[in-house]
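Notes follow once the structure below has been shown.
The values are calculated or read from the model by the stated rules, or taken from the named source; none is laboratory data. The structure presented is a predicted model; accordingly, all values stated were derived computationally and were not measured. Cβ sites come from the backbone with ideal geometry, for glycine too, and all protein chains shown count toward neighbours. Note: areas computed on protein heavy atoms with side chains; ligands, DNA, RNA excluded. Shrake-Rupley method; radii C 1.70, N 1.55, O 1.52, S 1.80 Å.
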Amino acid sequence: MNELQNKIVDIFYDSPDMIFGFTDISYSDFGKEYKSGLVFAVPYTHQLTLENYNEKVFHEGILGAKDRLEVKVKEIETVLKKDGIPYYVPQVAQKDDGLFRAEFSFKDAAAAAGVGWFGKNDVIITQKYGPRVRLAAILIDHDFEYGKAYEKSMCPPDCEKCVGICPAHALRNVRWEVGMVRDDIIDIYRCNEIRRAFENKLGRWGACALCLAVCPYGKT
């Protein structure tokens with residue numbers, strides 16, 4: 001690893017529960033400005049199962065993971081600024097343009113960096129935590145040693161737990177492999193329709209996580 005990569009890796013030593021990796025991003029719209037992407041996953045503070053599933057608790061777990069991610073991003077930004085390395089922190093939020101796409105896909109980067117693979121629920125599945133993680137990414141104009149990409153789903157072919165429990169019936173029961181697009185796996189409009197229905201009651205979209213809670217990966 002080069003000097004900058006070593007510095008970034010050192011930042012994660014005090015957070016051994018985080019999963020991170022580096023990837024080439026020449027495939028993305030940002031590939032002309034930045035050579036690489038650093039993507040990392042933080043486990044939700046509450047690792048829900050079906051037995052303890054609670055929407056409010058899950059939402060709180062999302063916020064807890066978000067806070068930890070923001071701290072780690074700032075630590076990395078400090079190093080990049082000190083070394084004069086151009087970088088960009090893409091927004092996680094989907095664009096409100098009817099397509100529900102973010103400016104940069106954290107999930108695509110996570111699969112390319114070897115952090116996890118796409119499950120039948122269109123969520124990144126990690127070996128350690130299953131899908132119960134929140135992702136962040138930093139685009140960096142620098143070369144790194146890259147992780148080994150996932151090129152296909154590691155989920156058992158006959159596992160349909162997330163498909164069967166989806167209240168929106170939005171999952172197409174498709175095993176992901178490189179080259180697939182989101183619509184091959186999920187009807188995102190049906191999924192978001194269910195979540196949006198809670199806006200008046202909660203003041204936000206519902207944080208549906210049944211497909212995460214039922215996933216056997218990451219359960220101890």
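In this structure, does Ala109 turn out to be under 25 Å from Pro43 (Cβ atoms), small (Gly, Ala, Ser), surrounded by 19 or more Cβ atoms within 10 Å (Cβ to Cβ) and in contact with a Ser or Thr (Cβ under 6 Å, 6 or more places away or on another chain)? So Ala109 passes the test. Out of curiosity, is Ile85 at pLDDT 95 or above and within 23 Å of Ala209 (Cβ to Cβ)? It is false that Ile85 is at pLDDT 95 or above and within 23 Å of Ala209 (Cβ to Cβ).
Residue under question is Val42, and the condition is that it be farther than 14 Å from Ile8 by Cβ, at pLDDT 90 or above, surrounded by 14 or more Cβ atoms within 10 Å (Cβ to Cβ) and in contact with a helix residue (DSSP H, G or I) (Cβ under 6 Å, 6 or more places away or on another chain); does it hold? Yes, satisfied. Here Ala197 fulfils each of the conditions (1) open to solvent by less than 70 Å² (accessible area, probe 1.4 Å); (2) touching a Gly at 6+ places or on another chain (Cβ under 8 Å); (3) of a type in the set (A, V, I, L, M) apart from (1). Of the residues making up segment 1-43, those that are touching a residue at least 12 places away in the same chain (Cβ under 8 Å) and in a loop (DSSP other than H, G, I, E, B) number 14.
Taken over segment 171-194, the criterion of being under 14 Å from Asp122 (Cβ atoms), touching a residue at least 24 places away in the same chain (Cβ under 8 Å) and either assigned to a helix (DSSP H, G or I) or open to solvent by less than 70 Å² (accessible area, probe 1.4 Å) (or both) is satisfied by Leu171, Asn173, Val174, Trp176, Met180, Arg182, Ile185, Ile186, Ile188, Tyr189, Cys191, Asn192. Restricting Ala207, Ala149 to residues that are small (Gly, Ala, Ser), assigned to a loop (DSSP other than H, G, I, E, B), under 30 Å from Lys81 (Cα atoms) and in contact with a helix residue (DSSP H, G or I) (Cβ under 8 Å, 6 or more places away or on another chain) narrows the list to Ala149. The condition of being closer than 17 Å to Arg134 by Cα, of a type in the set (Gly, Ala, Ser) and surrounded by fewer than 18 Cβ atoms within 10 Å (Cβ to Cβ) does not hold for Gly31.
So is Lys66 assigned to a helix (DSSP H, G or I), closer than 18 Å to Lys107 by Cβ and either free of Cβ contacts under 8 Å to residues at least 12 places away in the same chain or not aliphatic (A, V, I, L, M) (or both) or not?
Numbers: assigned to a helix (DSSP H, G or I): yes; closer than 18 Å to Lys107 by Cβ: yes; either free of Cβ contacts under 8 Å to residues at least 12 places away in the same chain or not aliphatic (A, V, I, L, M) (or both): yes.
Yes.
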